[in-house]
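Asker: The structure's right below; bear with me while I get my questions together.
The values are calculated or read from the model by the stated rules, or taken from the named source; none is laboratory data. Model, not experiment: these values are computed from the prediction. Positions of Cβ are generated from backbone atoms using ideal geometry, with glycine treated the same way; all protein chains shown enter the neighbour counts. Ligands, DNA and RNA are stripped out before the accessible areas are found, and what is left, the full protein with its side chains, is counted by its heavy atoms. Shrake-Rupley method; radii C 1.70, N 1.55, O 1.52, S 1.80 Å.
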Amino acid sequence: MTVSRPTRRGFLAGAVGAGIAAAVVTQGAGRALSEPAGQAGLRTRLAGAPVSRSSVQAWERRRVPIAAARLLRDSPGVAAGELRALVDRGVAAPSDLPAARAALARTRERLGVDRIRELLAPETALAGAATLAAKAASGGRWAIADTEITAPRGTAAGMVEWFTRERTTDDRPTWTGACPDHYVIVTGADGRQEVIEVTGGAVLPLRFFVDYTDVRGVPIPRDPSYPLEIAGTASLATGEMIGGVRHQFRDLPGGGFRSRLRVAFPAAVPGLYITEHQWHLAAEFGNWVDGYLASV
């Protein structure tokens, strides 16, 4: 059986359309499903506005066929049947999300980090050049994606310890499996975390490195009401700093904890990118918080 291989140009055109459509639909879904999840689950806010957990998972489900199409384009001989099914099915049904995550995870594992890095190199190079152009046009200003997640149990310290342990032990399935837009997340020998992902509303994946030892350079003000944090600068492989992360955590008086999750982008980046990255943060950290809570 012959599997047709989409061209890079065709894929990019389709990804642009799908990405814009997903952003428009998600924004509508965010309004329609604006009630936060019940106390038994996580509660999420994007830039202060409450959204339901089901709308966050709907955003993740819409990203599945886009990620599958990219992997199918570059590696049609690896898990082609599973990937083709994800692409042809379109937006994954709620009940299909665990299976879709598993299919993407198997493909990443079969390809391996080196092969994925090689396959995506042309796109990450373009994305890096575009990011540097945006930074140059920003005049030292930064735009901040801001997402909050409240968990009904667990502790702020426990979440920080879980996150740090998973990072330092380089538990790759935990990192890449949290969002369809994650292609590579690995911890290097120098302690930096290499990331290849589609950030926010971007079309192309970007390759960058997060240095969690460089807290002073993070271009995001610290919120003093959150005593614990995970923070670091983000730089390209060539060394240029392009942003940073500051994720802060605090316990709640009635039990549980709240996370304030922020990522800095050059201010010239389109506003849609910031909005979409707030959904990205909600999806990935929602899954990571679930992972932590499952361990306690």
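Asker: Relative to 2.2 N^0.38 Å, what does the C-alpha radius of gyration of the stretch 192-296 come to as a ratio? Two decimals please.
Answerer: Ratio of Rg to 2.2 N^0.38 Å for the stretch 192-296: 1.12.
Asker: Let me ask something additional. Can you compute the FRET efficiency between Ala93 and Ala136 using 1/(1 + (r/R0)^6), with r the Cβ-Cβ distance and R0 = 41 Å? Round to the nearest 0.05.
Answerer: 0.40
Asker: Leaving ligands, DNA and RNA out of it, rank Tyr212, Tyr183 by accessible area with a 1.4 Å probe, largest first.
Answerer: From most accessible down to least: Tyr212, Tyr183.
Asker: Still on this structure, I have one more. Between Arg153 and Arg216, what is the label-to-label distance in nm when each label sits 7 Å out along the Cα-to-Cβ direction?
Answerer: 4.2
Asker: Still on this structure, please answer the following. Once you keep just the Cα pairs under 8 angstrom separated by 6 or more residues, what percentage relative contact order results for the stretch 83-187?
Answerer: Contact order relative to length: 34 percent.
Asker: Also, I was wondering about something else. Can you send over the solvent-accessible area of Arg167, 1.4 Å probe, protein chains only, in Å² to the nearest 10?
Answerer: Near enough 30 Å² of accessible area.
Asker: Next up: Explain nothing, just the number: relative contact order of the stretch 140-255, from Cα pairs under 8 Å at least 6 residues apart, as a whole percent.
Answerer: Over the stretch 140-255, the number comes to 21 percent.
Asker: Leaving ligands, DNA and RNA out of it, work out the accessible area of Trp279 with a 1.4 Å probe and give it in Å² to the nearest 10.
Answerer: Counting only protein heavy atoms, Trp279 exposes about 10 Å² to solvent.
Asker: Moving to a separate point now. Where Rh denotes the Kirkwood radius from the mean inverse Cα pair distance, what is Rg over Rh for the stretch 211-259?
Answerer: A ratio of 1.11.
Asker: Which Rg and Dmax, in Å, describe the Cα atoms of the stretch 129-215?
Answerer: In order Rg, Dmax, the Cα atoms of the stretch 129-215 give 15.1, 43 Å.
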